[in-house]
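Step one of this worksheet: look at the structure below.
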Amino acid sequence: MYVHKYQPYYLNIEERVPELSRNRRRLVLAVCCSSLFIVGLDVTVLNIALPSIQHDLHAPVSGLQWTLDAYTLVVASFLILAGSTGDRVGRRRTFQVGLATFTLGSLLCSLAPGLGWLIAFRAVQAIGGSMLNPVALSIIANTFTDDRERARALGVWGAVFGLSMALGPVLGGVLVATVGWRGIFWVNIPVGIAAIVLTALVVPESRAARPRRVDPVGQVLIIVMLASLTYAIIEGPRLGWGSPAILGLFGLAAVAAVAIGIYEPRREDPLLDLRFFRSAPFTGAVLIAISAFAALAGFLFLSTLYLQDVRQLSPLHAGLYTLPMAAMTVLLAPLSGRITGHRGPRLPLASATAW
């Protein structure tokens, strides 16, 4: 089957893996889902531990934001590069490197002596995290070749994220209450090691028939744009929205965005192919995803601080308050995958945005 050369990396199925048995495909899906599980678990347990980190490391609210956003910033900056790297050097190999880096970063976070070190080690975690989910999705797309079967697999993928949301707050509350906030990072270590071993045993290696070339200029521009914008948003309340530093950072982000718009279309293999945004369904899906995850991240960040600092709940009780939301994700994600496989994505998307 011919695939357009500008097809997104996570759907790049130019070079399919050999047809696997149903049980082998399920094992591959389980291994790929393990990466989503530890990433989702890491986010939710960290949210529950934020008040403890604040008290132990004497961190301001902006410092707590950086413990979350340092991870998000690095992942967003290197996500596309990680996907194209998997297409070039091998998806299984890239996935294993990501697991190893994420696991090492988790160990370093548990040993961080101060807030600055914790933020730096979260960035190390993020370098590994950027190699996990996009490459895992590419592995799933190449393993489950039937459209309906792939949609069901992605439904399971979503359910695993919901499961990590359900277990994360409760597990985080237990760990913070018993061994302290450093214990939340220990959970990732055995799961990461097991996933590395299982990846070597059950996941076949695959590459793209035509991998894209490296785009260092585009990569630098994306990092500059995201870093300056994120820094300005987080530090704006402290330094003042009208201060020269904040206005300069917003201006730098705007200049980098314009440079991306001028430079990237001129490359044969752009890091960020802006032509995808000519498609209304693609652009709409991206905007929906950004809005949904921004709202979720903001809700989790503020709610855990409110429940523990204002309502004076314990970390465990604060985690239990998030269970209804997580339970609905676990129940409805597989159903959404089945509906998408039979009727397309419009009905699940419309239903989700309406609620």
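Taking packing as the residue-averaged number of other Cβ atoms within 10 angstrom, the listed peptides 67-73, 281-287, 312-318 run from highest to lowest as 67-73, 312-318, 281-287. As a proxy for reagent exposure, Met165, Met325 were ordered by neighbouring Cβ count within 10 angstrom, fewest first; the result is Met325, Met165. Applying 0.36 nm per residue to the separation of Val258 and Asn23 and subtracting their alpha-carbon distance, the gain on full extension is 79.8 nm. In the chain, helices alone account for a calculated mean residue ellipticity at 222 nm of -25500 deg cm²/dmol, with every DSSP H run of four or more residues adding -39,500 (n - 2.57). Subtracting the Cα-Cα distance of Val179 and Thr145 from their residue separation scaled by 0.36 nm leaves 7.8 nm. Label-to-label distance for Leu347 and Ile233 is 3.4 nm, based on points extended 7 Å past Cα in the beta-carbon direction. Cβ-Cβ distance of Leu320 and Val61, R₀ of 25 Å, FRET efficiency by 1/(1 + (r/R0)^6): the value works out to about 0.55. Quote the FRET efficiency, to the nearest 0.05, computed for Ala209 versus Val286 with a Förster distance R0 of 25 Å and r equal to the Cβ-Cβ distance. Efficiency for this residue pair is about 0.45.
Bear in mind that the values in this text are calculations on the coordinates, not laboratory data. Just so you know, these numbers come straight off a predicted model, no measurement behind them. Cβ sites come from the backbone with ideal geometry, for glycine too, and all protein chains shown count toward neighbours.
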